[in-house]
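To start, the structure itself, in structure tokens.
The values are calculated or read from the model by the stated rules, or taken from the named source; none is laboratory data. Note that this is a predicted model, so its numbers are computed, not measured. Here Cβ is always computed from backbone atoms with ideal geometry, including for glycine, and neighbour counts include all displayed protein chains.
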Amino acid sequence: MTSLPNPEERAGGRSLALLVDLDTCVGCHACAVNCKEWNTGGRFGPLSDRDAYGARPEGAWLNRIHSFETGEGEAGRTVYFPKNCYHCEQAPCVTVCPTGASYKRPEDGIVLVAEDLCMGCGLCAWACPYGAREMDPVEQVMRKCTLCIDRIYNEELEEIDRVPACVATCPAGARHFGDFADPDSEVSRLVRERGGFAVMEELGTAPTARYLPPRRRSPAAPSPPTAEEPESEEPVGRLLAWVDRMLSD
Amino acid sequence: MHPALSIILFTTSSGAGYGMLFLIGSTAALDLLPASRGFGLAATALALGFVTFGLVSSVFHLGHPERAWRALSQWRSSWLSREAVAAAASYLPALVLALGWTVAGEIGGVWRLAALLTAVGAVATVFCTAMIYRSLRAIPRWHSPWTVPGYLLYALITGGIWLLVLFYLFGETPPTPLLHGLPSAVIATWLVQAAAWKWADGAPATATVASATGLGPPGAVRLLDPPHSESNYLLREMAFQIGRKHARKLRRVTVLSAFALPLAIGLLLPFASRLVALPASFLAALSMSLGVVVQRWLFFAEARHTVTLYYGAETV
């Protein structure tokens, strides 16, 4: 079971994963919150916390938003970097599992944990280069992003809601979900057009998920307006300038 | 990596046990062991005791120990599962050998097959243990060509020194290959450990924060804010790191107590009377075991996981 699906089994299978646009992500953590919300109440819940309302709360989350700075001076910028499971084609977390709890589905490439088989040894979390797996502090089994498998195939939900909770909630439209094996899918098109990339590929994991890079800032961007000297030829502007002078004395 | 006591005890204790089982099995197969029942009972009991203590303490590391038996199922892909299978399978020939030795009072003839299988099983189990670490690419210090020879040699020398103590305790003459081979094995382990440290210290970075985020060339990406205000499983388990100064000190402790002192004692043992040899070998065994525990602690504490790249590390 913890052998990866062989090429014949995977042939024709989909490669579902997330695509995160690092240009538009505003770092609001709504995706992480909704992920926690859905997955603690959904089919795979609870997704536990310890000391949730105490001084040192700690818990399992399937999505974490890291923040980085890149570039220097004028070219410097802040990039929010949401990170969850990349549903790797060569998932090292799957093959190390001794009990058969970890597996990769041949039909859609989703990497899952059968929690009733998990003995909580933590080896899969060591094997994942990305830190995508976290031990549930109460249930003592390994947790990871399921791509909200209980949403995306859920016929009780409206079709528009059959996307992972993080994608459904993102207010900036920075998260996309789709089939990377299908060249005509929206995620494949975005990856082609925007130069989508995977991370830490040198570890041989062949991640499915991709990021879209921050766009280059336009060099002609005007310097931002300041509020120092309100100057205008408009009557209202002149009036305000006069008020400003009177109040400044 | 977090140096969990249960895993350190498991790898060191079961390592010594399998080292002993290998030496008992191979020397029994070569007819070099005394057929004395008391010695046989003590030797197999101590070896299996080390192994069992190690395996039991490893179970304390699990979130669901009651599901540990499932670890026997995935030997096709998982080194941890292979280790579990090899460990379980090794008990059988070891117990048959113990039976032949202590009850039947002989270790030749039909018991020789059990002796051979015991030796093979012991090597296979330690090999699998080492491969669990060797196979993890996310932890470059473990993904080293020196990990497997290191584990095998540490098992051999710790098992060897404890077996030697038993020989003196029972007033038996240790077989020449054991007595004269041990110092060379200690030197070999010392060399492999030195090579492993040198390799790990000089190895080029496996991954960088640039490759982990895809955000520009190395040096241009800096962590701005952590993703969570409190600690989490990832940080506790994988971001443990020991200061370089302490690491250097602890390496010296390892060298002195695991290699230098036992080597000096081991070289003198052939010339010592039993009265001196027993306490001297016991001191060497204690010192070596302490040294190997420190080495194993360092093996974890010095190892860095690529996930730390998302928490401020520049390279791993």
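If you scan region B:80-105, which residues turn out to be free of Cβ contacts under 8 Å to residues at least 24 places away in the same chain and in contact with a Gly (Cβ under 6 Å, 6 or more places away or on another chain)?
Once the filter is applied, which keeps residues that are free of Cβ contacts under 8 Å to residues at least 24 places away in the same chain and in contact with a Gly (Cβ under 6 Å, 6 or more places away or on another chain), region B:80-105 yields nothing.
Say we look at region A:18-57 and pick out the residues that are touching a helix residue (DSSP H, G or I) at 6+ places or on another chain (Cβ under 8 Å) and of a type in the set (Gly, Ala, Ser); which of these is surrounded by the most Cβ atoms within 10 Å (Cβ to Cβ)?
A:Ala32
Which one of these is modelled with pLDDT of 95 or more, surrounded by fewer than 20 Cβ atoms within 10 Å (Cβ to Cβ) and under 20 Å from A:Leu19 (Cβ atoms): A:Arg105, A:Arg64?
Within the list A:Arg105, A:Arg64, the selection yields A:Arg105.
Select from region B:228-253 the residues that are under 30 Å from A:Met142 (Cα atoms) and in contact (Cβ under 8 Å) with a residue 24 or more places away in the chain and list them in ascending order.
Correct list: B:Leu234, B:Leu235, B:Arg236, B:Glu237, B:Met238, B:Ala239, B:Phe240, B:Gln241, B:Ile242.
Of all residues in region A:133-160, how many are in a loop (DSSP other than H, G, I, E, B) and either touching a residue at least 60 places away in the same chain (Cβ under 8 Å) or among the aromatic types (Phe, Trp, Tyr) (or both)?
10
For region B:35-79, how many residues meet the condition of being away from chain A (no Cβ under 14 Å), touching a residue at least 12 places away in the same chain (Cβ under 8 Å) and under 17 Å from the mean Cα position of the chain (by Cα)?
Residues in region B:35-79 being away from chain A (no Cβ under 14 Å), touching a residue at least 12 places away in the same chain (Cβ under 8 Å) and under 17 Å from the mean Cα position of the chain (by Cα): 9 in total.
I'm told B:Gly109 meets every condition in (1) surrounded by fewer than 21 Cβ atoms within 10 Å (Cβ to Cβ); (2) part of a helix (DSSP H, G or I); (3) among the small types (Gly, Ala, Ser) except one. Can you identify the failing condition by its number?
Every listed condition holds for B:Gly109 apart from (2).
Report the residue count in region B:13-49 for those that are part of a helix (DSSP H, G or I), buried (at least 24 other Cβ atoms within 10 Å of the Cβ) and out of contact with any Phe, Trp or Tyr (no Cβ under 7 Å at 6 or more places or on another chain).
Residues meeting the conditions: 10.
Among the residues of region B:202-225, what is the count of those that are of a type in the set (Gly, Ala, Ser), within 8 Å of chain A (Cβ to nearest Cβ) and part of a loop (DSSP other than H, G, I, E, B)?
4
How many residues does region A:1-59 hold that are of a type in the set (Asp, Glu), touching a residue at least 40 places away in the same chain (Cβ under 8 Å) and within 12 Å of chain B (Cβ to nearest Cβ)?
Looking only at that region, the number is 3.
Name the single residue that is nearest to A:Val79 (Cα to Cα) among those in region A:197-216 being under 14 Å from the mean Cα position of the chain (by Cα) and in a loop (DSSP other than H, G, I, E, B).
In this case the residue turns out to be A:Pro213.
Considering only region B:115-126, I want to know if a residue exists there that is closer than 30 Å to A:Glu201 by Cα and at pLDDT 95 or above.
No, because not a single residue in region B:115-126 is closer than 30 Å to A:Glu201 by Cα and at pLDDT 95 or above.
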